[in-house]
């Protein structure tokens, strides 16, 4: 819940030139608040950036006050939709079943769902990390084409807490997710306090295909540095 339309225009004016020479193997997707989507699409038109909804409802229309449907997003040029993010799971008690319904609707209507999974600190300390994430992946991907979905591992305990998940551990979990998804070609991202200082090591990992960026994406310079990551050369 950041950025008015005026702030979005200011963001785009700084961000656009910083990604003008982005390598061809990069894909940047931005998920602004719903009210800022038209503004961002207009000011980044032709920049090679894709846009996502921060959530999407499982029905295409109906009496669901305050919700946003897939057709509403698509009308504004949106191509992706985040589902199962840790905050809706936590604050609005979204269930795995609801998240799967959102993802199915997104995929059916032509949106690429970004399915978020991850464990809390209590769950990790209790040794339940793998069980929790396996359940979320299994239920979240039910009925979906794994090649038309992005799975994002976001350890809740490493989001805005100052705690960090080592790149090797993030890679291990992403590898497990790839196996649980049942398709080696599924796209798996990592998201958990991703910033310019951690991006290069993260993207050097074997099972991390990309990153889901939180607070660091609010600064266009920081976000552009992440998009322009450089995998370190190993001796």
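Can you give the FRET efficiency for residue 163 and residue 63, using 1/(1 + (r/R0)^6), R0 = 41 Å, r = Cβ-Cβ distance, to the nearest 0.05? Kindly include the intermediate steps, with their values, before the conclusion.
Values: r = 41 Å, r/R0 = 1.01.
The value I calculate is 0.50.
Among DSSP beta bridges lying fully in segment 92-235, give the percent that are antiparallel, nearest 5.
That works out to approximately 0 percent antiparallel.
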**Q.** Relative contact order (percent, whole number), segment 103-147, Cα cutoff 8 Å, 6+ residue spacing
**A.** 42
Q) Assuming R0 = 41 Å, what is the FRET efficiency of residue 145 and residue 47, from their Cβ-Cβ distance, to the nearest 0.05? A) 0.90
Q. Of 151, 14, how do they rank once you tally other Cβ atoms within 10 Å and put the fewest first?
A. 14, 151
Q) Ranking 57, 76 by Cβ neighbours within 10 Å, fewest first, what do you get? A) 76, 57
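Sort 64, 229 so the one with the fewest other Cβ atoms within 10 Å of its own Cβ comes first. Show your work: numbers first, answer last.
Working: 64 11, 229 20.
Ordered from fewest to most neighbouring Cβ atoms within 10 Å, 64, 229 come out as 64, 229.
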Q. Binning every alpha carbon pair distance of segment 84-235 at 10 Å from zero, what are the percents per bin?
A. 11, 41, 36, 11, 0
Q: Take every Cα pair under 8 Å in segment 70-227 that's 6+ residues apart, average their separations, divide by the length, and report that relative contact order as a whole percent.
A: 19
Q. Hey, in the GNM for the chain with a 10 angstrom Cα cutoff, which one of 111, 73, 44 fluctuates hardest?
A. 44
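Bear in mind these aren't lab numbers, they're just calculated from the coordinates by the rules spelled out. Everything numeric in this text was worked out from a predicted model, so none of it was measured. Backbone-built Cβ (ideal geometry, glycine too); neighbour counts: all protein chains shown.
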